[in-house]
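The values are calculated or read from the model by the stated rules, or taken from the named source; none is laboratory data. Being a predicted model, the structure only gives us computed values, none of them experimental. Glycine gets a Cβ as well: all are built from the backbone with ideal geometry, and neighbour counts include every protein chain shown.
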Amino acid sequence: MKRTVAVLLGALVLGACGGGGDGSSSAPTTTTAKAGELIAQVASYDLAAGRDQRVIIGLQTSGDDARLVSFGTARFAFAYLGTKQAPSTTPVPGPTVDARWIAVPGQQLPTTLPAEPRLAEPSDGIGVYAAEPVRFDRAGYWRAVVTVSLDGRERSAEATMAVNAKPVVVAPGDPAPRTENLLPGAPDAPAKAVDSRAEDGGSVPDPELHTLTVAQALATGRPTMVVISTPVFCVSRFCGPITDSVAALARVNAGRMNFVHIEVWRDFEKRQLNKAAAEWIYPPGAEDANEPWVFVIGRDGVVSRRFDNVASDTELADAVRAATG
Amino acid sequence: MAAVLVLVTAGILIARSRHDDAPTSGRASSAYVRAAVGLCDAQAAAAAGDAASARSAFFNFSHQALHDLARRLEDGHRDEAARLLLAKQAVEADLARAAPADVARDLGPLLDATRRGVVRVEGTRLAPCSNEGVTP
């Protein structure tokens, strides 16, 4: 069945959509602040109740000359706010967890990073604070109060996020879709639909990520890592060269694990998603699609891990070790 | 040094914007002026062979605003969004390879795409870089 999926990826704008809070969407929200105050931006795409998961939140100051909060650790204190239909009169305290700063890949960072959070320029280090595992006991809206110590003084910011009753996107425990993604040279596969960096009629970058379809990869019985990304057209503020990171892992793990890149866009200008990408990140019933995503699939064909939006090189390498060990 | 260069160029850009005889009106948002300043400074640094300063100027002053601009262009000007993001990706790839000559070259199309994009979303025109001269 051919399904042409056209979608406006306005949802890639972090904080652009409020989400349903009733199980319909988990698009993050961001609070507003006066110039110079801290802003927390939820970078997680698809939070769900009743399961352990990673929550990632970015911190920065407000204003045109905004600076990032980078390095060290933060603390996330969650509280349940109810649903759109039944908001809580008072926030119900939820889990409080420690979060560590993880770097968007592809940066030139020093080997030893500062141990404490600090205000930083993007060239010093772009990243998010990640807490894992986090478990929300019910669906609805949740508030996160993010606290860091800056120059010996505790500073906080709040953000609100929607937590769905169950994941919208393919999640750990789900069987991996047997996707027949486009490969270079296929008659109906313009090079740009295989990787948005490809020139018309030219070769596709990272060929090691385009030798197998996901269906073929799963049939090998080896674990598989699938990165769904658009190297050119990513508009998330946390965009990094995640495809390059996966390609680097593919080069050192050839023969032990399969690595597949699926380009998000069939045609960016016409708003057409690749069907293969849609099978993973834009399932029926989803309100929008977000990228990038990285999925790890075990030898049994079941998804064992997923990373939304930001995945550090260390996280991806650890995931490969866990899958191949 | 990069910061000083940015401040100096910013003054020039804003001043020129006020007197620019463009077929548009108003002055671009400060974020986009700042982004253009960053691109101009990155280009100047790259042309001088200073890849590190080019990288700092690009990421500290331009990168986020270009993402914001691309998102705004996606509604109604998707061809311009594509042009902007393609040009941005080329520069980022050059910066990752620390290839200043390529950075300087590829910043030209990115500056063009940025200016076109700002015209589309704001109806305002960004001024040229200080080393580009002003068209009478």
Quick count over the range A:260-297, residues being surrounded by fewer than 17 Cβ atoms within 10 Å (Cβ to Cβ), out of contact with any Asp or Glu (no Cβ under 7 Å at 6 or more places or on another chain) and of a type outside the set (Lys, Arg), is 6
Unique residue being surrounded by fewer than 18 Cβ atoms within 10 Å (Cβ to Cβ) and assigned to a helix (DSSP H, G or I) when the list is B:Arg71, B:Arg120, B:Arg115, B:Arg83:
B:Arg120
Can we say A:Gly125 is at positive phi and more than 14 Å from chain B (Cβ to nearest Cβ)?
no
Evaluate the following for A:Ser236: is it in a loop (DSSP other than H, G, I, E, B) and of a type in the set (Gly, Ala, Ser)?
yes
From the options A:Gly72, A:Gly127, residue that is within 30 Å of B:Ser30 (Cα to Cα), buried (at least 17 other Cβ atoms within 10 Å of the Cβ) and small (Gly, Ala, Ser)
A:Gly127
Among (1) away from chain B (no Cβ under 14 Å); (2) touching a residue at least 12 places away in the same chain (Cβ under 8 Å); (3) of a type in the set (Lys, Arg), where does A:Lys192 come up short?
(1)
Pick out the one residue from A:Ala289, A:Ala311, A:Ala323 that is modelled with pLDDT of 95 or more, small (Gly, Ala, Ser) and touching a helix residue (DSSP H, G or I) at 6+ places or on another chain (Cβ under 8 Å).
A:Ala311
Identity of the residue in the range A:104-122, within 12 Å of chain B (Cβ to nearest Cβ) and farther than 21 Å from A:Ser245 by Cβ, that ends up surrounded by the fewest Cβ atoms within 10 Å (Cβ to Cβ):
A:Glu121
Return the only residue of A:Ala130, A:Ala86, A:Ala144 being away from every other protein chain (no Cβ under 14 Å) and without any contact (Cβ under 8 Å) to a residue 60 or more places away in the chain.
A:Ala86
Would you mention how many residues in the range A:229-243 are in contact (Cβ under 8 Å) with a residue 60 or more places away in the chain and either surrounded by fewer than 20 Cβ atoms within 10 Å (Cβ to Cβ) or over 21 Å from A:Gly127 (Cβ atoms) (or both)?
1
Which numbered condition in (1) free of Cβ contacts under 8 Å to residues at least 12 places away in the same chain; (2) away from every other protein chain (no Cβ under 14 Å) is the only one that B:Cys129 fails?
(1)
Conditions (1) at the interface with chain A (Cβ under 8 Å from one of its Cβ atoms); (2) small (Gly, Ala, Ser); (3) in contact (Cβ under 8 Å) with a residue 12 or more places away in the chain -> B:Ala82 fails only (3)
Residue within the range B:93-102 that is surrounded by fewer than 21 Cβ atoms within 10 Å (Cβ to Cβ) and at pLDDT 95 or above present:
yes
Does the range A:89-103 hold any residues that are away from chain B (no Cβ under 14 Å), touching a residue at least 24 places away in the same chain (Cβ under 8 Å) and surrounded by 13 or more Cβ atoms within 10 Å (Cβ to Cβ), and which are they?
A:Pro91, A:Gly94, A:Pro95, A:Val97, A:Ala99, A:Arg100, A:Trp101, A:Ile102
Consider B:Leu110 carefully, then state whether it is surrounded by 21 or more Cβ atoms within 10 Å (Cβ to Cβ), more than 8 Å from every other protein chain (Cβ to nearest Cβ) and either outside any loop (DSSP other than H, G, I, E, B) or free of Cβ contacts under 8 Å to residues at least 40 places away in the same chain (or both).
yes
For the range A:178-191, state whether one or more residues are among the basic types (Lys, Arg) and more than 22 Å from the chain's Cα centre (by Cα).
no
What is the residue count in the range A:216-233 for residues that are part of a strand (DSSP E or B) and over 18 Å from A:Ala193 (Cα atoms)?
2
Please work out which residue is farthest from the chain's Cα centre (by Cα), limiting yourself to the range A:140-163 and to residues that are of a type outside the set (D, E, K, R), surrounded by fewer than 22 Cβ atoms within 10 Å (Cβ to Cβ) and more than 15 Å from A:Pro95 (Cβ to Cβ).
A:Gly152
Of those in the range B:89-100 that are closer than 16 Å to B:Ala51 by Cα and part of a helix (DSSP H, G or I), the residue farthest from the other protein chains (Cβ to nearest Cβ) is B:Pro100
